[in-house]
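Here is the structure we will look at.
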Amino acid sequence: MTSTTTSFTKFTFFTVAALVFQITGLSLFVFGFFPVKPALSGVSGWESFFAPGCHSVENQSQTQMEMGLSPYELKSLYQDLSLIPPLFDRLILMVIDGLPAEFVLGKDGQPPRKDLMDAMPYTHSLLSSGMAIGYHAKAAPPTVTMPRLKAMVSGAIGGFLDVAFNFNTQALLDDNLLGQFLRIGWKMVMLGDETWLKLFPGLFVRHDGVSSFFVKDTVQVDKNVSRHLENELSRDDWNLLVLHYLGLDHVGHIGGRSSSLMGPKLLEMDEVVKMIHLSTIQTHDNDRGRTLLVVVSDHGMTESGNHGGSSYEETDSLALFIGLKNQVSISHYASATHNSILQVDIAPTLALLYGVPIPKNNVGVLISGTFDCLTDHQQLRALELNSWQLYRLVEAQLPGLSCGDFSCSGFIDDLGSGSGECSGSMEKILRCLFMNAANLHNSWKYKKETGFESREDYRSTVTAYHEFLKTASEWLSRRVTDKPVPLLAFGVVAMALSCLIFLGLITCMSREVYTGEKQHLSGSSNSKIRWCLDEAFILGVVLILVMSMGSSSMVEEEQYIWNFVISTLYLLLLRKAVQSHSGRSGSALFLKAQNKRSDFQLCAIFLLLISGRILRGWHQGGVNWTHLPDISKWLEQAGSNLIRSIQLTSGLLMMGLGLFALFLFVTNTKLVRVVALFFLISGFLVLWHIMEYQDNEFVSSDYHATLLAQIIYATLGVGTIGFVVALPWLMPIQISSTYSKHKINSSTLVSVDIQYKFPLLEFRDSSYLIGLAYMLCWCLLQLLLQQPINSMPIFLLLMQIFTSMLYYSSSGPQNKEWLEVALLYYVGMAGHFALGNSNTLATIDVAGAFIGLSSHSTLLSGILMFIITYTSPMLVLLSMVMYISVKDTSYLAIPQSVDLEQFLKMMLGFPCLVPLGLNSILLTAYTVVLLLMRNHLFVWSVFSPKYLYVCTTTVCIYIGVFVVAATEIYIYMVIAFRSKIQVSISNGIL
Amino acid sequence: MEEEKKKKKEICNIAKASTAENSSRSVSALQALSIHLICGLGLAIGLWVAHNLYSMNVVSDPSRTLRLIWIVESPIVTLLYSWFRLNPEQCSYLKAVGRGILALPVGALVTALGAIVLGAPVSIEYLPKTINWSLLMSSCMFVPAASVFGSSWSHWQRIFAYTKPNESLEYMICIPAHGAVIGAWLGAWPMPLDWERPWQEWPVCVTYGAMIGYLLAMVVSLGFVLVHGGRQHRKRD
């Protein structure tokens, strides 16, 4: 007896220990693997105009030199040193959030669609007349606003975890263009997205920040920017004007690329370009100086208007230089539109055009087309400066590079050795390419002095520089910074250890349980052999998943695996159900009962299969085949009325299903009525919200809608917590042997002995009601938060879970408990993808995360986003509370030795351990996969987002399991306490 | 445990005895070989005709090729297996053939539903492909069983739900059918990969998988028949 109680404590202890190991290992790994900071600290100063490696220059503290200089002195110092006269005095940086370059420049040599061309007439006239050059600027994933802005102004590709901070923008402390401009005394003005203000607090002399908070507002957000424009353009007290228009991104989020609002929005942007360009032409002759207008977009968008991933549609952002007033022959329209660059190239280009040092961590390469009006000498100088900067950055990461000694004066004697082939290690290649370029440049200079320069020499120098710049830039941007190996190793080991502990616990538990079962059911353990196939398959599924994680396309299309595997499992269960079906309707009572049961099971499995197929067809998830037709696209085409009616239908169906499940439970009608009433009220509140507010795309933020949503949150939250706390106390306890039979648990195996010791039935009833309340409240909440199109899948999921519950309650000892819990877990994962999620960050529903929030709060909207994304796994975990009540586990316990702690262990063991164990296997395996794939081409675009999802799933499992365990332990303690009191009272009476 | 095993053996023996009583003609190893050879050849002929006479294959025109193959294969299978029908005295050869013909569309419906549930596309353009594929699958899986067993639930249950065949003929029906299903299931795995090959389309690689599985399973079943037949002979001695 004592051994079992210690075993329960031991179990808890081991589980908690495994959890601690897992959390430690995971956090160590995450912080070790994801690079957080770039390599060089500090700010580029005047030393960037000298060749690297000149210790005499670099040893002097730049602060000493520069602290004494006023901004104007510094500016003239830079101009003297750079040897390139600044081409422009003022810069207007116009950021159009989410504009794909394809809209302006076309794709694959083709001009954009006719309607898009018509929407931007002025821009196209500029492009065709050679007044503007446009580039496809390839953005690095993750394609969300803040990291992209950072990349544009600093030229550095940020760490992957920047995404996590996207909703918590912080000041940009690294060297960047705006900081450089500030140092030379520029005055800056910012109008638009307030992300800029968070990145550069206190930097702008005037600003009007708009929030990207109200995603549904597409008009006001841009009007707030444009209203100042006229005033600002007429002023001459600024050097940099940043305009950040958010409207186009919002249009995309609402209606996708082909939204009807897209044309007018582009026209509006074109008007802005026209206004700025005309005014800069006018003011050109004044003494305000020459103005360059740069139109950029931070990222593109997918067909459905989302962004975050790395598909062409998302990374295809725009860089458009207007006002280079060319000069050379850019008469050809095609040549002005079909160049492609990297987004980070914008930073060094602007720095060189304005004569400031290139930011220290820049990995971009200057855009050669924008320097065409410079002399050969100046162009080479620009290339040289860029090369020096990159060389310094490479040097910081490859210390072996710096042992080279080239003279500071810039003259090298052996002029001929400039064109050798470069090979060997990366260090050697980069060094050799750099030396090649430097030598060629020097020889060109020498020849020019002596008057013998030729076009050929010039061209080969430019080529050599470009070769170095390209190689270094690629190497730097692809390079994953050095991983702290001990940290990673320790993390992986800790995770593997916790995984082993979980597996050990599960095997231990199942051995204990099934030996008990065998003793108990020694007559008919025949079933053991029959059930081997699906058990083996469920374990095989884990293996399949682990293997599929190594393939990037399987990671992208993970939903296929889950659906395929689950349907196969259901088919295997169907086969089992057929096995126990004995053909003709036998006359024996036992035979009849068995046939009836297996008929019921067959129906349940058919229902599961069909609803699973509909769920699978609802969203064509994944990455590669998102264009294929699916039910959600079809419905969206059919119009919003249909969607809304489906939403209402599924809401009503959900309530009907909930009531049905409630009244299956008959022991106490009074309590059920209270629950039903509460449930109906909150259900109708949600439906009211849907009817009134959900369809208004153009209402930016309705006060009443927010208030109603808040009321619903409060109702659901208070109601659920109230039920959990109150139900175990209110559940009437009957100690007498004439208790009413539970309708579902009509098992004859419940021994009176246990019933006497502990009111099992009441425990079950409370669990059932609380589990039901959890699930229904969760689904109603999702009905409010999710996109309208997802309401039907949520209902189908709920139905699947109820059907599974019914099936499991009828299966008894036929199925092993761990198998059923694992199957439920798989259903949860398949449902995750059926709700339109995928393993890219682009499918996270941002719009829903602001429902019911009256002010911007990173924490609250983050929680809402988590709730929306992890609907299905969480629903399944919450259903475990119900599962514990419906699954007849009493046969597991041997009546003589039954112990209450043991009983709790039996109840809680599998529903908590199996999800934790499965998740720990997947987490550990995926961690190893990520380590192996660290040099894969898709590591940042495919594997890392997936890893973030895996980590968040782990968090979700922790929360869910905690809720299940806490609820059950609470119910158990309350009921045990009450029964003890009742027994003592009845004894006292007797 | 030992006792249980013994019991089970006894049950099996009783079952065998009972089936032996109302059993079909027994199948010799040579007959088994020739049946499997002819069935395999049927598939090969179908493919050959499609390739050489109509110059199409499963990749280029899956729907028509599959139709051709099942049209060739199903009569062969029906006629062959009907010869070994259960209770030949009570059930005429023609009746067995009729059962096989009836089973073809019914089995196709079952396979099509199974495939759709597992994720086969349901749009109109895929409908003919799915129909022809499931007819082919049905003629490999269900037609032989229907011709031989008719509507005997216990046989069907034993073959398809328990997978416990216990004589040569049942091996010859059971193993290739399972081989075809498992092959098709495995054949579906390359479909989500982004290789952009034409054979990744539904139902091309599934068909290939099913055919390979079917052919391999016929070899395996032949082996079982040989081993089993030997054992039976020894028992008789």
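The calculated FRET efficiency for A:Ser984 paired with A:Phe31, based on their beta-carbon distance and R0 = 41 Å, is about 0.15.
The order of A:Ile712, B:Ile38 by accessible area, most exposed first and with a 1.4 Å probe, is B:Ile38, A:Ile712. Taking chain B as a Gaussian network of alpha-carbon nodes connected by springs under 10 Å, the highest mean-square fluctuation of the residues B:Glu89, B:Glu201, B:Glu170 belongs to B:Glu89.
If R0 is 22 Å, the Cβ-Cβ spacing of B:Leu33 and B:Tyr93 corresponds to a FRET efficiency of close to 0.50.
What the phi angles of region A:564-581 give under the Karplus curve with 6.51, -1.76 and 1.60, with θ = phi - 60°, is a coupling list of 4, 5, 5, 4, 4, 4, 5, 5, 5, 5, 4, 4, 5, 4, 5, 4, 7, 8 Hz, glycine and proline written as x. Both chains summed, the buried accessible area for B and A stands near 2300 Å², from protein heavy atoms and a 1.4 Å probe. Taking amide H as placed 1.01 Å from N in the peptide plane, A:Val210 has its amide H under 5 Å from the amide H of A:Gly192, A:Asp193, A:Glu194, each at least 5 places away in sequence or on another chain.
For B:Ala120, neighbours were defined as the other residues whose beta-carbon sits under 14 Å from its Cβ, and their charges (Lys and Arg +1, Asp and Glu -1) total +1.
Can you list the residues in region B:168-191 whose accessible area drops by at least 50 Å² when all protein chains are present, compared with the chain alone? Use a 1.4 Å probe, heavy atoms only. Residues of region B:168-191 that lose at least 50 Å² of accessible area once the other chains are added: B:Trp185, B:Trp189. Relative to one another, the C-alpha centroids of region B:68-134 and region A:965-990 are positioned 62 Å apart. Residues in region A:764-888 average 17 Å² of solvent-accessible surface per residue, probe 1.4 Å, ligands and nucleic acids excluded. Could you pull out which residues in region A:256-272 have an amide N less than 20 Å from a spot 7 Å beyond the Cα of A:Lys114, following the Cα-Cβ vector? Correct set: A:258-267.
Taking a 19 Å limit on the Cα-Cα distance, which of the listed pairs A:Lys150/A:Lys360; A:Lys428/A:Lys470; A:Lys138/A:Lys470; A:Lys596/B:Lys164; B:Lys95/B:Lys129; A:Lys150/A:Lys198 fall beyond it? The answer is A:Lys596/B:Lys164; B:Lys95/B:Lys129. In sequence order, region A:121-138 has phi-based couplings of x, 5, 4, 5, 5, 5, 5, 6, 8, x, 6, 9, 10, x, 9, 7, 9, 6 Hz under the Karplus curve 6.51 cos²θ - 1.76 cosθ + 1.60, θ = phi - 60°, and Gly or Pro positions carry x.
Multiplying the residue separation of A:Ser258 and A:Arg575 by 0.36 nm and subtracting their alpha-carbon distance yields 109.4 nm. Heavy-atom accessible area for B:Met218, with the other protein chains in place and a 1.4 Å probe, reaches approximately 10 Å². Going from the isolated chain to the complete set of protein chains, region B:149-165 loses at least 30 Å² of heavy-atom accessible area (1.4 Å probe) at B:Trp153, B:Gln157, B:Ala161, B:Tyr162.
Distances between placed amide hydrogens fall under 5 Å for B:Met56 paired with B:His51, all partners being 5 or more residues away or on another chain. Contact order, relative form, for region B:30-236: 21 percent (alpha carbon pairs under 8 Å, 6 or more residues apart, mean separation divided by residue count). Shielding of peptide A:598-609 by partners, expressed as the average count of other chain Cβ atoms within 10 Å per residue Cβ, is 1. Listed values for region B:169-176 are Karplus-derived 3J(HN,Hα) couplings in whole Hz (6.51 cos²θ - 1.76 cosθ + 1.60, θ = phi - 60°), namely 4, 5, 4, 5, 8, 6, 5, x, and x replaces Gly and Pro.
Arrange the residues A:Ile721, A:Ile157 by how much accessible surface each exposes, largest first, with a 1.4 angstrom probe.
Heavy-atom accessible area, descending, gives A:Ile721, A:Ile157.
Other residues with beta-carbon under 11 Å from the beta-carbon of A:Ala119 carry, at +1 per Lys or Arg and -1 per Asp or Glu, a net charge of -2. Protein-only accessible surface at a 1.4 angstrom probe places the residues A:Lys198, A:Lys596 in the order A:Lys596, A:Lys198, largest first.
A crude spin-label estimate for the pair A:Lys670 and A:Met973, with each label 7 Å from Cα along the Cβ direction, gives 2.7 nm. Amide H contacts for A:Leu342 (H built 1.01 Å from N in the peptide plane; partners 5 or more residues away or on another chain; cut-off under 5 Å): A:Lys138.
Averaging the Cα positions of each part gives two centres, and for region A:420-451 and region B:178-194 these lie 56 Å apart. For region B:30-236, how big is Rg over Rh, using alpha carbon atoms and the Kirkwood form of Rh? Looking at region B:30-236, the ratio lands at 0.98. Given a Förster distance of 30 Å, report the FRET efficiency between A:Val928 and A:Thr858 from their Cβ-Cβ distance, rounded to the nearest 0.05. Efficiency computed from Cβ-Cβ geometry: 0.40.
The values are calculated or read from the model by the stated rules, or taken from the named source; none is laboratory data. These figures come from a predicted structure and were not determined experimentally. Every residue, glycine as well, gets a Cβ built from its backbone with ideal geometry; the counts of neighbours run over all protein chains shown. Heavy atoms of the whole protein, side chains included, go into the accessibility calculation; ligands, DNA and RNA do not. Shrake-Rupley method; radii C 1.70, N 1.55, O 1.52, S 1.80 Å.
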